[in-house]
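K.L.:
Submitted below is the structure of interest, expressed as structure tokens.
The values are calculated or read from the model by the stated rules, or taken from the named source; none is laboratory data. Bear in mind that the values here come from a model prediction, so they are computed numbers and not experimental data. Reconstructed Cβ throughout: ideal geometry from the backbone, glycine too, with neighbour counts over all protein chains shown. For accessibility, only protein heavy atoms count, side chains too; no ligands or nucleic acids. Shrake-Rupley method; radii C 1.70, N 1.55, O 1.52, S 1.80 Å.
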Amino acid sequence: MAMTMTQKILASHAGLDSVTAGQLIEANLDLTLANDITGPVAIREMEKAGFKNVFDKNKIALVMDHFVPNKDIKSAEQCLTCRDFSGKHEIVNFFDVGQMGIEHALLPEKGLVGPGELIIGADSHTCTYGALGAFSTGVGSTDLAAGMATGKAWFRVPSAIKFNLVGSLPKYVSGKDVILHIIGKIGVDGALYRSMEFTGEGVASLTMDDRFTICNMAIEAGAKNGIFPVDDKTRAYIKDRIDREVKEFAADADAPYDEEYTINLSELRPTVACPHLPENTKTVDELGKIEIQQSVIGSCTNGRIQDMRDAAAILKGRKVKKNVRTIVIPATQDIYLQCIEEGLAKIFVEAGAVLSTPTCGPCLGGYMGILAHDEKSVSTTNRNFVGRMGHVTSEIYLANPAVAAASAVAGYIIDPAELED
């Protein structure tokens, strides 16, 4: 029976020869993930259900990233719960201040996720790891509690949409523009509980950072997961990170897809998602002049080293506009260190931006960049719902790092190419 990439991974982990869309299965997990918000809930549910032990202390990751370093007493207590649990169960992959990073950048960097693996996380953007050819998806804290205790989870096998990528990206266009273009095309529920499978000759031109960004935002189209085939770039990425055996899965030539789209990467333009949904997309030249008070460059979507380099290339030798608060957040400690070693940190500070420790902070309106009433922010984060980054009358415009940096300089959302004129 012909299967998609996702279906093959699920069948393998369920011990089945094949699966079909809509089938209910129980599958073995390679890793479970929680953070300082969702972890305490899962821990309490696990203990309430009477479980005394975790299924494997090596296959649970707890990452303190949302309100870390702690912003208040409540966030400190949340982290303490995770810290105590990790100590009690000798959790190997517990990441606290000084070692932590934004979870969906940190786990691939540490080699904790790899091709052909099955990962669940109590965070909706767990779908990021599909960039490595894994099946990864977000779940609720109760499902995560069961996963931490038993090493298993149930799934309804998703059907799939095929995105055939051709061409290569122009200057100032990145993976963020690819996924915003797609969400603008199919809508925030266009892939509801389906797998978004990316394929075609254009895949080879995308960096791993591009692929992580694309899969990260698959959930913004309602998808169960996003996934790329494993190729030489994938293998090069995991070479010095993963020493365990991994398995590569490829879709069958006659795999069933609900829909198929062809995306010509060469034709894409810098794209912005306007308030208050990721599907409300326009290219930068369609926007008009939208003045901003804040620019955020970072997050699990766009806080990787190429994102930092793209922003620094724009900011080098320039100053951010007066009254535009510009916040740059490298996604992990290693990326932060790279920013220092490559001179990017100096560029950011000299431009008038603030360089933050890794944190999810402003993305979810937590801290480190809350918006006041009627303020507007351009941001490389992944959601722009009402009140997402602060006051309910504030507005968020999602964009790629080059656009966010150029807009910080101009004081309004702008095509980076315009700064070259």
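K.L.:
Need one word for the stretch 220-322: rounded, prolate or oblate. Basis is the Cα gyration tensor (sqrt eigenvalues a ≥ b ≥ c); a/c below 1.5 gives rounded, then a/b vs b/c decides.
P.N.:
Numbers: a/c = 2.54, a/b = 1.45, b/c = 1.76.
Since a/c reaches 1.5 but b/c is at least a/b, the shape of the stretch 220-322 is classed as oblate.
K.L.:
To continue, here is another question. What spacing in nm lies between the two simple spin-label points modelled at LYS319 and ALA204, each 7 Å away from Cα in the Cβ direction?
P.N.:
Once both label points are built, they end up 4.7 nm from each other.
K.L.:
Using the basic label-point model (7 angstrom from Cα toward the beta carbon), what is the ASN58 to LYS346 distance in nanometres?
P.N.:
About 4.3 nm, to one decimal.
K.L.:
Also: Could you rank GLU342, GLU291, GLU395, GLU197 by how accessible they are, 1.4 Å probe, largest area first?
P.N.:
Correct descending sequence by accessible area is GLU291, GLU342, GLU395, GLU197.
K.L.:
Share of the stretch 353-421's accessible area from carbon and sulfur, percent, 1.4 Å?
P.N.:
54 percent
K.L.:
Take the Cα of GLU26, step 7 Å along the line toward its Cβ, and report every residue of the stretch 148-177 whose backbone nitrogen sits under 15 Å from that point.
P.N.:
148-156
K.L.:
Rounded to whole Å and ordered largest first, report the semi-axes of the equivalent ellipsoid of the chain derived from its Cα gyration tensor (root of 5λ). It would help to have the intermediate numbers written out before the result.
P.N.:
Working: eigenvalues 212, 138, 69 Å².
Those come to 33, 26, 19 Å.
K.L.:
Kindly work out what percent of the DSSP beta bridges joining two residues of the stretch 283-419 are antiparallel, to the nearest 5.
P.N.:
Details: 1 of 15 bridges.
Roughly 5 percent of the beta bridges in the stretch 283-419 run antiparallel, per DSSP.
K.L.:
For ASP285, ASP243, what's the largest-to-smallest order of accessible area, 1.4 Å probe? Can you show the working numbers first?
P.N.:
Numbers: ASP285 105, ASP243 155 Å².
My answer, sorted largest first, is ASP243, ASP285.
K.L.:
Could you report the chain's accessible area per residue, 1.4 Å probe, as an integer in Å²? Don't skip to the end; give the middle numbers.
P.N.:
On the way: 16010 Å² over 421 residues.
With the other protein chains kept in place, the chain gives 38 Å² per residue.
K.L.:
Still on this structure, please answer the following. Evaluate the distance, in nm, between pseudo-label points positioned 7 Å from the Cα of ILE290 and of ALA49 along their respective Cα→Cβ axes.
P.N.:
With each label point 7 Å from Cα toward Cβ, the separation is 4.2 nm.
K.L.:
Further question: Once the whole set of protein chains is in place, how much accessible area is left on GLU279, using a 1.4 Å probe, in Å² to the nearest 10?
P.N.:
About 70 Å², ignoring ligands and nucleic acids.
K.L.:
Could you tell me what % of all Cα pairs in the stretch 187-245 have separations over 17 Å? Spell out each step's value before the answer.
P.N.:
Numbers: 775 of 1711 pairs.
The answer is 45 percent, as a whole percent.
K.L.:
Could you compute how much accessible surface CYS363 exposes when probed at 1.4 Å, giving the result in Å² to the nearest 10?
P.N.:
10 Å²
K.L.:
Share of antiparallel DSSP beta bridges in the chain, in percent to the nearest 5? The partial results should precede the final answer.
P.N.:
Values: 11 of 53 bridges.
Antiparallel bridges: around 20 percent, rounded to the nearest 5.
K.L.:
Can you give the Kirkwood hydrodynamic radius of the stretch 262-420 from its Cα pairs, in Å with one decimal? Before the final figure, lay out the partial values.
P.N.:
Values: mean 1/r = 0.0656 Å⁻¹.
That comes to 15.3 Å for the stretch 262-420.
K.L.:
At 0.36 nm per residue, and after removing the present C-alpha to C-alpha distance, how many nm does the segment from THR393 to LEU419 gain when stretched out fully? Can you show the working numbers first?
P.N.:
Working: separation 26, 0.36 × 26 = 9.36 nm, distance 3.00 nm.
Using 0.36 nm per residue and subtracting the Cα-Cα distance, I get 6.4 nm.
K.L.:
What number, rounded to the nearest 500 deg cm²/dmol, is the helix-based mean residue ellipticity at 222 nm of the chain, given -39500 (n - 2.57) per DSSP H run of at least four residues and division by all its residues?
P.N.:
Working: 13 runs with 125 residues, N = 421.
Calculated mean residue ellipticity at 222 nm is -8500 deg cm²/dmol.
K.L.:
Let me ask something else. So how do VAL354, VAL139, VAL178 rank on accessible area, 1.4 Å probe, biggest first, that is with the largest at the start?
P.N.:
On the way: VAL354 70, VAL139 30, VAL178 0 Å².
Largest accessible area first, the residues go VAL354, VAL139, VAL178.
K.L.:
Additional query: Which percent of the accessible heavy-atom area of the stretch 186-337 goes to carbon and sulfur, probe 1.4 angstrom? Don't skip to the end; give the middle numbers.
P.N.:
Details: 3060 of 6650 Å².
Roughly 46 percent of what the probe reaches on the stretch 186-337 is carbon or sulfur.
K.L.:
Once you sort the root eigenvalues of the Cα gyration tensor of the stretch 116-160 as a ≥ b ≥ c, which label holds: rounded (a/c under 1.5), prolate (a/b larger than b/c) or oblate (the other case)?
P.N.:
Values: a/c = 1.68, a/b = 1.52, b/c = 1.10.
Taking the square roots of the gyration eigenvalues as a ≥ b ≥ c, the stretch 116-160 is prolate.
K.L.:
So how long is each side of the stretch 55-154 along the principal axes, counting just the alpha-carbon atoms, biggest first, in Å?
P.N.:
39, 26, 22
K.L.:
In whole angstrom, how long is each semi-axis of the equivalent ellipsoid of the stretch 76-208, when you take the square root of 5 times every eigenvalue of its Cα gyration tensor and sort them from largest down?
P.N.:
Numbers: eigenvalues 197, 68, 37 Å².
In descending order, the three semi-axes are 31, 18, 14 Å.
K.L.:
Right, something else. Pick from GLY140, GLY352, GLY98: which residue has the top mean-square fluctuation in a GNM of the chain where Cα pairs under 10 Å get a spring?
P.N.:
Looking only at GLY140, GLY352, GLY98, the largest GNM fluctuation is found for GLY98.
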